Amino acid sequence: MSEPEKHISLPIEAVEIYKILNKKKKISIKEIEEATKLDRGKLEYFLDFLISNDLVSRLPIVSHLMSLTKEGREAAEKQLIERRIVEVLRKNKDVLFANLSELMGCDKKEMNAGIGLLKKKDLIKIEKGTISLAEQDTDINADLQGILEDFLANKEVDTKEFEAILLERNLIELIEVKDTILEILTFYEEVKSRIKQTSEISRLTPEMIRNGSWKDVKLKEYNLGVSPPVFYGGRKQPYAHFLDWVKRKLIGLGFHEMRGPLVELEFWNFDALFQAQDHSAREWSDVYRVANPKQGKLPKKDYVSLVQKVHEDGYDTGSKGWRYKWSPEKSARLVLRAHGTSVSARTLVDLPVPSKYFSISRCYRPDAVDATHLAEFNQVEGIVTDPSITFRDLLGILTTFAVDVAETENFVFKPDYYPFTEPSVELSVNDPIMGSVEFGGAGIFRPEVTRPFGIETPVIAWGLGIDRLFMIKHGITDIRELFSHKLEWLRTAEMS
Amino acid sequence: MVSIKTSYTKLQEMLGKDVSIDELGNLLAFAKSEIDDYVEEEDMLVIDIKTSNRPDLWCAEGMVREINGILGKENKIPIYEIEPSDFKVVVDPKLASSRPYIACAIAKNISLTDYHIKQLMQLAEKIDQSYGRKRKRSSIGMYNLSMIKSPIEYKVIDASHEFIPLGHEEKMKLPQILEEHEKGQEFGDIVKGYDHYPILLSADGITLSLPPVINSNDVGRITEETTECLIEVTGTNYETVNVILNILCQTMVDHGSKIYSVEIEYPKEIRDKNDINPNLEIEEIAIDIDVLNKYLGTNISMKDATELVEKRRFNGVSQSKSILTVAIPPYRKDILHWVDIAEEIAIAMDLNKMGATKWKVLTAGSILPETESENIVRDILLGTGGIELLTFTLTDPDILMENVNLEDRKLVKIENPVSKTYSVLRDQIFPLLINVFSKNTHETYPQSIFEVGEVVKITKKSVITQTNAAFFHADADASFEDAHKWLEFLLKLLRTSYKIEKLEHPSFTEGRCGKIIINQKECGIIGEIAPNVLEKNQIWIPVVGFEIELPLIPSLECKVKETY
């Protein structure tokens, strides 16, 4: 005798699905979706009833589809790189190695791969920078080319022999296709008598709570494995969030914030920083100039004439100065702030001692915008002053930045050059992926910079390349993404 | 920054040892240089030199001079003998107003390969471009000495003078060279700024060059066969032309050439005495070792300091009490102050071996009240579900005008833009948000975006930078009410009462737009974006929102920043 048979409680929809499965025996989940017109979430919910009662089983299956990669498609359309090189060499005699990539119209990396292939098979010779074919009628990798072209034309292709090489050269890729198959375990007829159809409610209402009817109904169980609906909440711009983090770090280290205007007098951008008026950084190609008004007004302060003196003869600093006639008109010209140091320069007026300052400031350079350059970017800069401070303390400050902000112990100092500091030093951080990255720079302001403002103590000036740090942390390779207007990224970028 | 190309093999030969690329990179750091690229197939190194005031480093010879000091292979100022020659240059007083100075020397015993000629030309070109300010301040010429007779005349000449410029086969008149020759087009403006033509002539009337534009085709060409050459630098600054000549002579000497002097006969209008070039007179600077130790945080002796400066190719010439007098090599004019010597000593000590000292300046850190205020506004707007944006402040005039139906107005425009896309500073934020909506029409709605950011305005007295907040919302059923409820939410939390008054604005729909008034002052705008603006921007859904000037909200501490 068998045990007393239990009832099987199933919602009506689950019974309907069960009947479909019973007829087909084995069916993919997509087909059921089409047959029942239920959305995936609901379907999964009802299937769970069938599966948990051992009526149906659920099998995930994975198959592999072969597909051309971007490189593969290009090779199919334009020929493999080694075949293109052969073609170019056949048409042009004695090509200079240095000119080849230009002739080919492809990037160096790709070309070098092709050259490597041809070299390995001794099909080309490279002598004194000139490259030529070893034999004129080379028809390298014709079979491989054929396969790629068949692929492109959607023909049946037998790749067995070439699969390894195609994968290795990244010409094809295997795409995983996942599906789920449902199979009947117990036929409907066998358990038909035991099935009890239930009615459940899906939502608790305020009325049900008030009138007590919740006691008489069962709330449907949720399928906990189902994906929720998509939701995008309000959030900070990821780069702005990072800048806030940098600010908090610097405040934690005892720095006070400073800010300045976006449009700047050349006086603060250059003259106060002891950059001679014919310095190449002040040229048309290095700094944005304002078309109208072209000029502002210099402050009516003693330090302006002292800056003039320090340029002309070094003032009382012991410096030779730049020995030219300083022009107040040039100094009053308006530019877009070219570096955050101009904010530091403004702070030199009535600078308290001791003090530590930082600023995160938008700066502008007339660069053509590409993956590594922006016309507008942020600089983190600051100053530190104290009667006792020394150059070795400056190295200590940079060490703190490396450890606390860049979060690395792997860094070196390199001599550097800034027109306004001496000595000047670069903080170079070793990133496992990017290699040596210039993360910061610092120096002691020259006396020619500080003396016109009546400052007697050494002033350390420092700057950090935080754009790069953010890019490393987020795996961003295109600097334009920092100011991205792509809502998809803004909504979904993960926190670092 | 200056970038040069040189040969890896030849650089190792000059250093007298094999060094790996990594080691070389470490050594180059001492010459403020770094390897930007290495192309193994071409044996080519691309080296970036970080200093703009050390043209002596802009060639392999200069870097090796520096590195050999660090390696201890050589020290002190390199010296060489100068033999006299009977060559003379006579300078025309009329040049006083244009390009008065010339420095000249002769190099013999030169044996140049094609590689060396290219390296020399590269050095000359880098110096002309950067240190010579695109030849305005100085320019270099080199000539085949065997074709030149003394005295050379550096003088002013008629426009009708003609010669065959480098790279051409026909004689050309001077104005024609400025208009038609490639170099004339590049550098002709410098000569046009003078009211005459400067020329260099051999005693037999043969033209050497039209400085600073172009050499003549035959005399002014250096080849592998040239064994004796004349080097000349003209310019507007006496010190500059002389230091450049010294750099070139030192580089030739490093190659094994012998240097012969040239006399420059100046008229009294330019200089009160004649010169014998090259002028290797040595300048000196004094440094107090006690002050130096306090500056660097070191504890080095007089003897250490002397050795360290000599490692950097200076000479320690005398010591008295704590004062060390240092002689500066004649190819350097970047030493203005003893702090420059302090840097040389720090580099010689190796920055990585000096020992960083611990943080000791104790101060309390804080952000400015205005940043705190901006953060409050950002937090409130985030609470409405807004996505924060950072857009560019330097933008496209179309975004600020045409795209939002606005006219040209007083905007900060750039005189030298690289492209129109970045050629004007924004005076308000909302046009940029409209642009962001237009780029995201494929994304799901609703879209709520905001930015709290800086804008720039021209006032009667100055140019000002201030922070605005703009919040906009796009959705199928978005209406004025939505914008209004969020503005109310924001200003209520900021304890600020406000009014909205009717406003006609080309970017907004008539009757559904108002100005925000706080304390009788207009401080922002609110409304529904006009359908024709939406259409122009290909946004197919209603957009509403507001922009408000934060300095005008009394409970915040945002300040306007004046440029002057």
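Below are the figures for this structure:
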item	result
Hits in the stretch B:378-394 (condition: more than 7 Å from every other protein chain (Cβ to nearest Cβ) and either among the β-branched types (Val, Ile, Thr) or within 36 Å of the chain's Cα centre (by Cα) (or both))	B:ILE380
Boolean, B:GLU407 is more than 31 Å from the chain's Cα centre (by Cα), part of a helix (DSSP H, G or I) and surrounded by fewer than 16 Cβ atoms within 10 Å (Cβ to Cβ)	no
Yes/no for A:GLY318 being part of a loop (DSSP other than H, G, I, E, B), facing chain B (nearest Cβ under 8 Å) and farther than 19 Å from A:GLY463 by Cβ	yes
Residue list for the stretch A:405-420, restricted to those being within 10 Å of another protein chain (Cβ to nearest Cβ) and in contact (Cβ under 8 Å) with a residue 12 or more places away in the chain	A:PHE411, A:VAL412, A:PHE413, A:LYS414, A:ASP416, A:TYR418, A:PRO419
Residues of the stretch A:321-369 satisfying the condition of being out of contact with any helix residue (DSSP H, G or I) (no Cβ under 7 Å at 6 or more places or on another chain), part of a helix (DSSP H, G or I) and away from chain B (no Cβ under 11 Å)	A:PRO328, A:GLU329, A:SER344, A:THR347
Filtered residues of the stretch A:242-273 (kept if among the aliphatic types (A, V, I, L, M), under 32 Å from the mean Cα position of the chain (by Cα) and not in a loop (DSSP other than H, G, I, E, B))	A:LEU243, A:VAL246, A:LEU250, A:ILE251, A:VAL263
Conditions (1) over 24 Å from A:SER496 (Cα atoms); (2) touching a strand residue (DSSP E or B) at 6+ places or on another chain (Cβ under 7 Å): number failed by A:PRO366	(2)
Count of residues meeting criterion [in contact with a Lys or Arg (Cβ under 6 Å, 6 or more places away or on another chain) and in a strand (DSSP E or B)] in the stretch B:100-109	1
Lone unmet requirement of (1) of a type in the set (Gly, Ala, Ser); (2) surrounded by fewer than 18 Cβ atoms within 10 Å (Cβ to Cβ); (3) more than 7 Å from chain B (Cβ to nearest Cβ); (4) part of a loop (DSSP other than H, G, I, E, B) for A:ALA276	(2)
All positions within the stretch B:114-164 that are assigned to a loop (DSSP other than H, G, I, E, B) and more than 14 Å from chain A (Cβ to nearest Cβ)	B:ILE148, B:LYS149, B:SER150, B:PRO151, B:ASP158, B:ALA159, B:SER160, B:HIS161, B:ILE164
Residue in the stretch A:263-273 that is in the same structural domain as A:PHE377 (by TED's automatic domain parsing), under 23 Å from B:THR391 (Cα atoms) and modelled with pLDDT of 95 or more present	yes
Selected residue (criterion: farthest from the chain's Cα centre (by Cα)) from residues of the stretch B:424-463 that are at the interface with chain A (Cβ under 8 Å from one of its Cβ atoms) and among the β-branched types (Val, Ile, Thr)	B:THR444
Set B:GLY220, B:GLY184, B:GLY167, B:GLY188: member being part of a loop (DSSP other than H, G, I, E, B) and either free of Cβ contacts under 8 Å to residues at least 60 places away in the same chain or outside the structural domain of B:LEU120 (by TED's automatic domain parsing) (or both)	B:GLY167
Elements of type helices (runs of 4 or more DSSP H) in the stretch B:1-99, at least 2 residues being of a type in the set (Asp, Glu) and touching a residue at least 12 places away in the same chain (Cβ under 8 Å)	B:60-70
Of residues in the stretch A:371-382 being away from chain B (no Cβ under 11 Å) and of a type outside the set (Gly, Ala, Ser), the one nearest to B:LYS294 (Cα to Cα)	A:GLU381
A:LEU427 being within 24 Å of the chain's Cα centre (by Cα), more than 22 Å from A:ALA371 (Cβ to Cβ) and either outside any loop (DSSP other than H, G, I, E, B) or within 12 Å of chain B (Cβ to nearest Cβ) (or both)	yes
Within the stretch B:395-423, considering residues that are closer than 25 Å to B:PHE508 by Cβ and of a type in the set (A, V, I, L, M, F, W, C), the one nearest to the other protein chains (Cβ to nearest Cβ)	B:VAL412
Checklist (1) in contact with a strand residue (DSSP E or B) (Cβ under 9 Å, 6 or more places away or on another chain); (2) outside any strand (DSSP E or B); (3) farther than 30 Å from B:ILE414 by Cα applied to A:SER388, failing item	(1)
Members of the stretch B:99-121 found to be at pLDDT below 95 and within 26 Å of the chain's Cα centre (by Cα), listed by number	B:LYS118, B:GLN119, B:LEU120, B:MET121
Filter result for B:GLU535 (charged (D, E, K, R), under 15 Å from B:PHE437 (Cβ atoms) and modelled with pLDDT of 95 or more)	yes
Test set (1) out of contact with any Ser or Thr (no Cβ under 7 Å at 6 or more places or on another chain); (2) closer than 29 Å to B:VAL418 by Cβ; (3) among the basic types (Lys, Arg) - A:ARG362 fails condition number	(1)
Unique match (being in contact with a helix residue (DSSP H, G or I) (Cβ under 6 Å, 6 or more places away or on another chain) and over 25 Å from B:PRO446 (Cα atoms)) among B:GLU501, B:GLU528, B:GLU557, B:GLU562	B:GLU557
Selected residue (only one of A:SER63, A:SER9, A:SER28 is hydroxyl-bearing (Ser, Thr, Tyr), over 30 Å from A:ILE175 (Cα atoms) and touching a strand residue (DSSP E or B) at 6+ places or on another chain (Cβ under 6 Å))	A:SER9
Failed item, numbered, when B:GLN466 is tested on (1) outside any helix (DSSP H, G or I); (2) more than 9 Å from chain A (Cβ to nearest Cβ); (3) over 30 Å from A:ALA332 (Cα atoms)	(3)
Unmet criterion (only one of (1) of a type outside the set (Gly, Ala, Ser); (2) facing chain B (nearest Cβ under 8 Å); (3) over 32 Å from the mean Cα position of the chain (by Cα)) for A:LYS218	(2)
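The values are calculated or read from the model by the stated rules, or taken from the named source; none is laboratory data. Worth saying up front: this structure is predicted, and the values here are computed from it rather than measured. Note that each Cβ is placed from the backbone with ideal geometry, even for glycine, and that neighbours are counted across all protein chains shown.
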